[in-house]
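Any read-out appearing in this document is the output of simple, stated calculations on the displayed coordinates, not a laboratory observation. These numbers were taken from a predicted model, which means no experiment stands behind them. Reconstructed Cβ throughout: ideal geometry from the backbone, glycine too, with neighbour counts over all protein chains shown.
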Amino acid sequence: MLDKNTLKELKERLLEEKTKLDSNLNKIAIKTDEGYKARIEDLGREEDDNAEEMEEKEANQGLIKVLSKNLDDVLKALEKMEDGTYGHCENCDEEIPIERLQAYPAATSCVKCSK
Ligand SMILES: [Zn+2]
């Protein structure tokens, strides 16, 4: 069972992570109703630069996907803390070992189920 102090510590780490992910996402993406979209930088570049720009945009899109997935996990974990289900595996409802939560506070499933 998670004690209050551990829970508090994990919550602080999740909030830190949320702030970090938010600012990283906002640098490369704009939040829309359908999720995060890559910013299209219009810096008045020459047309020759378009291919490069497209490549950069594609790379960002991949990064945005990873970051917003991580952000989702963090938000979900924070929600679970609120309703008291944090630390239980979403799949089998077993308690997630504290070591796993400390390594990855946003974990929503036990090691067995995440494989
Ligand atoms: Zn499980």
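Table: residues versus (1) within 30 Å of LYS37 (Cβ to Cβ); (2) in a helix (DSSP H, G or I).
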| site | (1), (2) |
| --- | --- |
| ASN60 | yes, yes |
| VAL66 | yes, yes |
| LYS69 | yes, yes |
| THR85 | no, no |
| GLU90 | yes, no |
| ARG100 | no, yes |
| SER109 | yes, no |
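Can you pull out the residues in region 93-115 that are within 9 Å of the ligand (Cβ to nearest atom), surrounded by 12 or more Cβ atoms within 10 Å (Cβ to Cβ) and in contact (Cβ under 8 Å) with a residue 12 or more places away in the chain? I'd like the intermediate steps shown before the answer.
So the first thing to find is which residues in region 93-115 are within 9 Å of the ligand (Cβ to nearest atom), and the list is 93-94, 96, 109-114.
Okay, now just the ones that are also surrounded by 12 or more Cβ atoms within 10 Å (Cβ to Cβ), so 94, 96, 109-111, 113-114.
GLU94, ILE96, SER109, CYS110, VAL111, CYS113, listed by residue number.
Among the residues of region 10-34, those identified as loosely packed, with under 14 Cβ neighbours inside 10 Å and over 16 Å from LEU75 (Cβ atoms) are LYS27, ILE30, THR32, ASP33, GLU34.
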